[in-house]
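In what follows, a single structure is set out as structure tokens and then discussed.
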Amino acid sequence: MNTKITIKPVRWVQKNLFNTPYNTVLTILCVWVLWNILSSLFSWLSQSEWAVISENLRLFLVGRFPESQLWRMGAIALIPILIASTLVVRRSQAWNFVLIPLGLASITWLANGGFGLPLIRSSLWGGLFLTLFAAAISTALAFPLGLLLALGRRSELPVIRGISTIYIELVRGLPLIGILFMAQVMLPLVVPFRLDRLLRAILGLTFFNAAYLAENIRSGLQSLPLGQSEAARSLGLNSIQTLRFIILPQALRLVIPAIVGQFISLFKDTSLLALFALFELTGIARSILSQPQFIGRNGEVYLFIGLIYWMFCFGLSQFSKRLEVRSS
Amino acid sequence: MTNTIETAENEIIENQPILIAHDVSKWFGKFQVLRNANLQVKAGEVVVIMGPSGSGKSTFIRTFNALEPYQEGRITIDGIPLTEDIQNIDQIRRDVGMVFQQFNLFPHLTVLENVTLAPIQVRKFTKPQANEIARQLLDRVGILEQAQKYPGKLSGGQQQRVAIARALAMEPKIMLFDEPTSSLDPEMVREVLDVMRSLAKSGMTMLVVTHEVGFAREVADRVVFMDAGQVIEDTTPAEFFTQPKEARSKLFLSQIL
Ligand SMILES: Nc1ncnc2c1ncn2[C@@H]1O[C@H](COP(=O)(O)OP(=O)(O)OP(=O)(O)O)[C@@H](O)[C@H]1O
Ligand SMILES: [Mg+2]
């Protein structure tokens, strides 16, 4: 028998929402709460003024970066695309070691200036650009550090293993905000030359992130069968060649999703930089809201930057899901 | 005159064992895996190692390319003493190829790249040179058509043949096989044994840990029987399978034959 189950809406409501006195009370309560939330949301929307967004759009995106120099942003955005496409076309590992440092150097040069380009102080940087810049640069710096720590923690030399383990466990036991404060306050004491406020913040993010990356990478290293390095060694590859051609390519591929996840949380964590007078998304939002003509527009502004954070994080997590599917 | 001297010298070299393991002992912690194990293999010989599970066969042959360190005794391979000296170990690993029970192919590299990696990185061949050698070897083991595939797409028998080609690409003087057919489905055992048989015919020095009695009878020059970390019998296959001397060999044969 093939009976089609059709549920009439009225019967469904009776059966599921009003079947017992208890459920009836619960349903009425829920409807009342929902009604209140929606109606206040609508009344807020009807009074909201989005001029605070449209008038400050440039501040939200690039901070106070001088208008005449905005082309440099475009160039900066191009660099990762260029690197990624070169790496896809030439599947050679050697290029990683040349292109990525080169890319980082040129991004820093374009953002900061010097060598013919007008200097732009980091206090003028801001908005989404600064958020992305801080997250990307500190991930790029944390990666080699994390890799060394992961290898160090598996080293046969007790001193190296000890140092790596202590570093990783110490940093993982501290809150990010504490590390950021330490970077602001303590780095100038140990480093002989003046470090920019932004650079100190980026280093703080880097030190924090490296410990977590190290643990991710270590789990990738550990999940490889021992037979892989045995086969490589039995072919006469030395330990560095084994690492470079056999172990790392496989281990890093395994941990790409974890690394993307790490980047997502770092991207959100950059909002803490607002506490150090840096004008990334959250910082610029606070500074806009402190202007007299925009006072009270908190809802609009935080909704807007929340949307930006969400779009990037959601996009990245979809991207990493696709990577996972493809690699399996 | 000179001619006879040269022949005499050649004969001495030819009769020199290419692999000498003398009183090798090894411990895993307190547990002694190898107890004064002895073995000599001449160039071109095929030696099959048999023995019950846990008797130390794998450990023994893995000491020959320094995958396992040993604590006592001495091992010499093609005149080079296998010590902790890194240079010696590097040289010995080039001279000794190994095929594993689990194939251990590199899953992120194509079949061709699996075979060319070591020639390019270790022997410093150019890519075209290495590709040429790899193609010849893949042809020899009958997998040339699969050169561009990744190992995961191949059957177990095919993977093991790639592993043999990969080891041969270093032009080793000795090949070690650790139960090369034990993790294969029965119908694939033959294709791998056929490759090993033709390798033996070509004059390769081979040390094979296996339970394949047919292969041992037909191909091996000698059968070495190990038990509890010792070599307790070292004889021809004919004698080993028909009139084993030791009680433990007899017991073992009664279980596998
Ligand atoms: N890494 C290790 N640490 C401690 N003990 C080990 C290790 N590897 C092997 N052993 C032990 O050493 C003994 C010999 O192992 P080995 O693998 O050499 O035996 P085998 O003769 O090859 O056995 P099988 O036929 O099962 O492969 C076994 O008792 C094993 O448990
Ligand atoms: Mg074994």
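The values are calculated or read from the model by the stated rules, or taken from the named source; none is laboratory data. Being a predicted model, the structure only gives us computed values, none of them experimental. When we count neighbours, we look across all protein chains shown, and the Cβ atoms used for this are built from the backbone with ideal geometry, even at glycine. Side chains are part of the model used for accessible areas, which takes the heavy atoms of the whole protein and leaves out ligands, DNA and RNA. Shrake-Rupley method; radii C 1.70, N 1.55, O 1.52, S 1.80 Å.
Here the dipole of the protein assembly as shown is about 2420 debye; that uses its Cα centre as origin and unit charges on the Cβ of Lys and Arg (positive) and Asp and Glu (negative). Using θ = phi - 60° in the Karplus curve 6.51 cos²θ - 1.76 cosθ + 1.60, the 3J(HN,Hα) couplings for region A:139-148 round to 5, 4, 6, 6, 4, x, 4, x, 5, 4 Hz; x is entered for Gly and Pro. Close amide H pairs (under 5 Å, H built 1.01 Å from N) link B:Val46 with B:Met206, B:Asp221, B:Arg222, residues at least 5 positions away or on another chain.
Loop-resident trypsin sites (Lys or Arg not before Pro) (DSSP state other than H, G, I, E or B) in region B:74-134 with no more than 15 further Cβ atoms inside 10 Å of their Cβ: B:Arg123, B:Lys124.
Among B:Glu187, B:Glu45, A:Glu324, the sequence by solvent-accessible area, most first, with a 1.4 Å probe is B:Glu187, A:Glu324, B:Glu45. Each 10 Å bin, from zero up to the one with the longest distance, holds this percent of the alpha carbon pairs of the protein assembly as shown: 3, 12, 18, 17, 14, 12, 10, 8, 4, 1, 0, 0.
The residues neighbouring A:Arg297, those whose beta-carbon lies less than 11 Å from its own, together hold a net charge of -3 under the Lys/Arg +1, Asp/Glu -1 convention. Reported to the nearest whole Å, the Cα centre-to-centre distance from region A:271-328 to region A:71-116 is 25. Across all directions, the average flat footprint of the convex hull enclosing the Cα atoms of region A:1-132 is 19.2 nm².
When the listed pairs B:Lys42/B:Lys250; B:Lys42/B:Lys127; B:Lys57/B:Lys250; B:Lys57/B:Lys201; B:Lys42/B:Lys245 are checked against a 29 Å cut-off, the alpha-carbon distance exceeds it for B:Lys42/B:Lys127. Residue order by solvent-accessible surface for A:Leu102, A:Leu151, A:Leu278, A:Leu38 is A:Leu102, A:Leu38, A:Leu151, A:Leu278, largest first, with ligands and nucleic acids left out and a 1.4 Å probe.
Rounded to whole numbers, the Karplus 3J(HN,Hα) couplings from phi for region A:176-189 are 4, 4, x, 5, 5, 5, 4, 4, 5, 8, 8, 4, x, 6 Hz, using 6.51 cos²θ - 1.76 cosθ + 1.60 with θ = phi - 60°, and x at Gly and Pro. Using bins 20 angstrom wide from zero, how does P(r) for chain A break down, in % of all Cα pairs? Spelled out per bin, shortest first, that is 23, 46, 24, 7, 0. Take A:Tyr212: with every protein chain present and a 1.4 Å probe, its accessible area is about 60 Å².
So how do A:Lys8, B:Lys149 rank on accessible area, 1.4 Å probe, biggest first, that is with the largest at the start? Write out the running numbers ahead of the final one.
Working: A:Lys8 135, B:Lys149 90 Å².
Accessible-area ranking of A:Lys8, B:Lys149, largest first: A:Lys8, B:Lys149.
For B:Gly97, the amide hydrogen comes within under 5 Å of the amide hydrogens of B:Lys173, B:Ile174, B:Met175, B:Leu176, counting only partners 5 or more places away or on other chains and with H modelled in the peptide plane. Placing R0 at 25 angstrom, the Cβ-Cβ distance between A:Trp35 and A:Arg58 gives a FRET efficiency of 0.05 after rounding to 0.05. Solvent-accessible area of A:Met186, all protein chains in place: 100 Å² (probe radius 1.4 Å, heavy atoms, ligands and nucleic acids excluded).
In chain B, the inverse of the mean reciprocal separation of distinct Cα atoms equals 19.2 Å; this is its Kirkwood hydrodynamic radius. In order along region B:126-134, phi translates into HN-Hα couplings of 6, 4, x, 4, 5, 4, 4, 4, 4 Hz, rounded to whole numbers, per the Karplus curve 6.51 cos²θ - 1.76 cosθ + 1.60 with θ = phi - 60° and x for Gly and Pro. Of all aspartates and glutamates in the structure, the ones whose alpha carbon falls short of 15 Å from that of B:Lys124, not counting any fewer than 8 places away in one chain, are B:Asp90, B:Glu113, B:Glu132, B:Glu171. The Cα center of region A:214-247 and the Cα center of region A:146-192 differ in position by 24 Å.
Amide H contacts for B:Asp227 (H built 1.01 Å from N in the peptide plane; partners 5 or more residues away or on another chain; cut-off under 5 Å): B:Ile232. Per-residue surface analysis assigns A:Val98 an accessible area of about 90 Å², computed on protein heavy atoms at 1.4 Å probe radius.
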